[in-house]
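Here's the structure, in C-alpha cells; my notes come after.
The values are calculated or read from the model by the stated rules, or taken from the named source; none is laboratory data. Everything quoted here is computed from the prediction, not taken from an experiment. Cβ: placed from backbone, ideal geometry, glycine included. Neighbour counts: every protein chain shown.
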Amino acid sequence: MPKVIVVGGGYAGMAASTALAEAGIAVDLLESRGSLGGRAYSIPPSGPFPVPVDNGPHLFMGCYAETLRMLHRIGATDAFHWIDPLALTWRTPGGKKVSLKCAPLPAPFHLAWGLFTSNAFPFKEKTSMARALSAFSKKPFRLSPGVQTVAQFLDATAQGPLSRERFWVPLCGSVMNVSPAVAPIGGLGEVLHRVFFGNRRDSAMGVARLPLGDLVSEKARRYLEEKGSRVLLHEGVQELTLNEKTFGVKTRSGAVWTGDALVLAIPPSSLSALWPRDGWEAAAHFSQMGKSSIVSVHVILSKPVMGEHLLGLSGARFEWVFNRNANWAWNGKGLFKNTGTPHPDPLPQGEREARFNASSTPSPLRGEGWGEGDGKDFQYLSFTASAADDLARQKDPELLSLARRELTDRCPAAKDAQVLHSKVTREMAATFVWSGETERLRPPCQTPYPNVFLAGDWTNTGLPATLEGACLSGRRAAEKVRAYLS
C-alpha cells in the first residue's frame, strides 16, 4: 500500500488526508499542535474564563460543498444550526432592529424578495444593491472596465451608505478578511455567485452547535485511524529534504518521515522558511503574502440581552456578535445542552438537495431545556472583528470597553448588564492578505517536484481564505496525489 505524508492538520490537511484514506491510501498526518483543526480551534475553560472559547467564531454556508463533503466523511454534519432561508438581523445605534430575510423561493428570487421587503435599506439603495448583485449572476461577471477592488465596485455601482455599512463592508471583512480598498472584486464576486445564484439552500447559514475544538478534531482522528492511517500530534516540521524521487520531513521529535508522496498543508510563511533555497524560486516569495488578523472579545454577562444566534452591530467595529447560549445551548454552568433539530447528513456531492431536507430550529434562550436555577439569566457572547490589524494592537481592557460600548449603543437592555467574565483572542495570521499584488503569488497545487503537492486556503483556489477554500485545496491535492501514484 502506498504511503502519503501530509504535513498540517488544519481543514486543508484534514480534507486531503481523509480523502486519501477514503480511497484506501495510508496517510501519516503530522500536526504541530495538540489537536486537529488548525486556526479554527478552541481554548479550554480556565479560572478567569470558565467555559470554552473559540479562537474566532466561524460560519458555514450551504454552498460549502467541499467542507460538507469532508464533514460528512468523518460524521460531523449533525453539529450545526442551519438558518434557512438566510436571515440577517442588525441592531442600529439607538436600538432599532432591522433585518434582511430571504424567502423560501428558488434562487435568486429568494434574495430579491428578501431585499425588497427588508427594512434595513431605503428603497433607492435596494435597487442599487439589486443591480450590483446581478453582476455576479453569471460568469464572466459584468464589471465596469478598470474596476478591480471591492471599493471601486461599490463606487462604480453607486452603493449607498447604509448598504455599505450593513451589507457590503461587513461581508467583505467576513469573507475576504481585508478592507474593500484592497480586496479583489473577483474574489468577493465568486462568493456572491456561489451563495445567491445557485440553489436557494446554498445561502443557508450554518452555526456550529459545539466549540470548534470539539467539532472535527477527534472525529477526523478516529476516521483516519479506522482507515489504517496515523495522526501524529506535536510533530512540527523542522526541515525538508526534497528531490524528484524521494523526500524527507524532519519533525520536532527528531524523526524523519518519508513516503511515496508529500502534501504540505501549512501557512505560506512557514513553507517559505522550510523550502530548500535552491529548489523553487516562487517559494521564496510566499512570505510576501502577508498576514491579516481577526480579533474576538468573549464575555459572560449577568443577564440575557439578545436571543438571535447571530446579530450584526450596524456601524460597529465589531461587526458581529454570536450568542453562545443559542449556538451551543449553554446553560450558564459550563455545560451544554443540544436542544434543536439536528441537520441531516449530506449525501455525496451532486445530491445537494438532500443536504437540506429539513431545517433546524434555533435553540431557545428560554423555554424547553432551560430549567430553574440552571444559570439561564447569564449570557455568553462572542464579538468578532475581521481585518483587525488596528484592533490587534490595542490592549485587552480597551477592546473589552469598545465591544461593550458598541453593544450597549445598539442593545439598550445591555446597559445594566454586568460583565462577569471576559477574554480576548487574537489570531494574528488568520488569513493571508488577498490583493492584486498577492494574487499572482498564490501557487497551484503542483510543485516542481512531481511527488510534492500543496494545500491551503492561500493556494490558487479562486476562493478567499475560508474553510471552504481550505477544503477545496485539500481535495485537489488528494486528487493530484492519486493521479501521481497511479
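Tell me yes or no: at least one residue of region 465-481 is in a loop (DSSP other than H, G, I, E, B) and on the phi > 0 side of the Ramachandran plot.
There is no residue in region 465-481 that is in a loop (DSSP other than H, G, I, E, B) and on the phi > 0 side of the Ramachandran plot.
Assuming PRO412 fulfils every condition listed in (1) crowded, with 20+ Cβ neighbours inside 10 Å; (2) over 29 Å from GLU281 (Cα atoms) apart from one, which condition is it?
In the conditions (1) crowded, with 20+ Cβ neighbours inside 10 Å; (2) over 29 Å from GLU281 (Cα atoms), PRO412 misses (1) alone.
What's the number of the only condition in (1) more than 17 Å from ALA465 (Cα to Cα); (2) of a type outside the set (Gly, Ala, Ser); (3) in contact with a Pro (Cβ under 9 Å, 6 or more places away or on another chain) that LEU68 fails to meet?
(1)
Go through (1) more than 30 Å from ALA385 (Cα to Cα); (2) in contact with a helix residue (DSSP H, G or I) (Cβ under 6 Å, 6 or more places away or on another chain) and name the single condition HIS309 misses.
The one condition HIS309 does not meet is (1).
I'd like the full set of residues that are crowded, with 19+ Cβ neighbours inside 10 Å and either polar (S, T, N, Q) or at positive phi (or both), limited to region 125-156.
THR149, the sole residue that qualifies.
What tally of residues in region 395-442 results from selecting those that are touching a helix residue (DSSP H, G or I) at 6+ places or on another chain (Cβ under 6 Å), without any contact (Cβ under 8 Å) to a residue 60 or more places away in the chain and either of a type in the set (Asp, Glu) or part of a helix (DSSP H, G or I) (or both)?
1
Looking at HIS298, HIS285 in this structure, which one is closer than 28 Å to ASN177 by Cβ and over 21 Å from the mean Cα position of the chain (by Cα)?
Details: HIS298 fails: over 21 Å from the mean Cα position of the chain (by Cα).
The conditions single out HIS285.
Identify the single condition in (1) farther than 24 Å from THR384 by Cα; (2) surrounded by fewer than 22 Cβ atoms within 10 Å (Cβ to Cβ); (3) of a type outside the set (D, E, K, R); (4) in contact with a strand residue (DSSP E or B) (Cβ under 9 Å, 6 or more places away or on another chain) that MET205 does not satisfy, given that it satisfies every other one.
(1)
Consider GLY56 carefully, then state whether it is in contact with a strand residue (DSSP E or B) (Cβ under 9 Å, 6 or more places away or on another chain), at pLDDT 95 or above, farther than 30 Å from GLY248 by Cβ and among the small types (Gly, Ala, Ser).
no
How many of the residues in region 444-468 are in contact (Cβ under 8 Å) with a residue 40 or more places away in the chain, surrounded by fewer than 19 Cβ atoms within 10 Å (Cβ to Cβ) and not hydroxyl-bearing (Ser, Thr, Tyr)?
Number satisfying all stated conditions: 3.
Quick one: in region 239-281, which of the residues that are touching a helix residue (DSSP H, G or I) at 6+ places or on another chain (Cβ under 8 Å) and assigned to a strand (DSSP E or B) is farthest from MET428 (Cα to Cα)?
Residue satisfying both the conditions and the ranking: ALA261.
Kindly list the number of the only condition in (1) assigned by TED's automatic domain parsing to the domain that holds GLU165; (2) surrounded by fewer than 20 Cβ atoms within 10 Å (Cβ to Cβ) that fails for GLY94.
Result: GLY94 fails condition (1) only.
How many residues, within region 39-50, are touching a strand residue (DSSP E or B) at 6+ places or on another chain (Cβ under 7 Å) and either surrounded by 22 or more Cβ atoms within 10 Å (Cβ to Cβ) or of a type in the set (Gly, Ala, Ser) (or both)? Full working, then the answer.
Within region 39-50, the first condition is being touching a strand residue (DSSP E or B) at 6+ places or on another chain (Cβ under 7 Å), and the residues that meet it are 39, 42-43, 48-50.
Then drop every residue that is not either surrounded by 22 or more Cβ atoms within 10 Å (Cβ to Cβ) or of a type in the set (Gly, Ala, Ser) (or both), which leaves 42.
Going through region 39-50 one residue at a time, the tally reaches 1.
Which of the residues that make up region 466-480 are out of contact with any Phe, Trp or Tyr (no Cβ under 6 Å at 6 or more places or on another chain) and of a type outside the set (D, E, K, R)?
THR466, GLY469, LEU472, SER473, GLY474, ALA478 - these are the residues of region 466-480 that are out of contact with any Phe, Trp or Tyr (no Cβ under 6 Å at 6 or more places or on another chain) and of a type outside the set (D, E, K, R).
For region 384-398, name all the residues that are closer than 19 Å to ASN323 by Cβ and either surrounded by fewer than 21 Cβ atoms within 10 Å (Cβ to Cβ) or of a type in the set (A, V, I, L, M, F, W, C) (or both).
If the condition is that a residue be closer than 19 Å to ASN323 by Cβ and either surrounded by fewer than 21 Cβ atoms within 10 Å (Cβ to Cβ) or of a type in the set (A, V, I, L, M, F, W, C) (or both), then ALA385 is the only one that fits.
Being touching a Leu at 6+ places or on another chain (Cβ under 7 Å) and in a loop (DSSP other than H, G, I, E, B) is the filter here, so list the residues in region 444-454 that pass it.
CYS445, THR447, TYR449, ASN451
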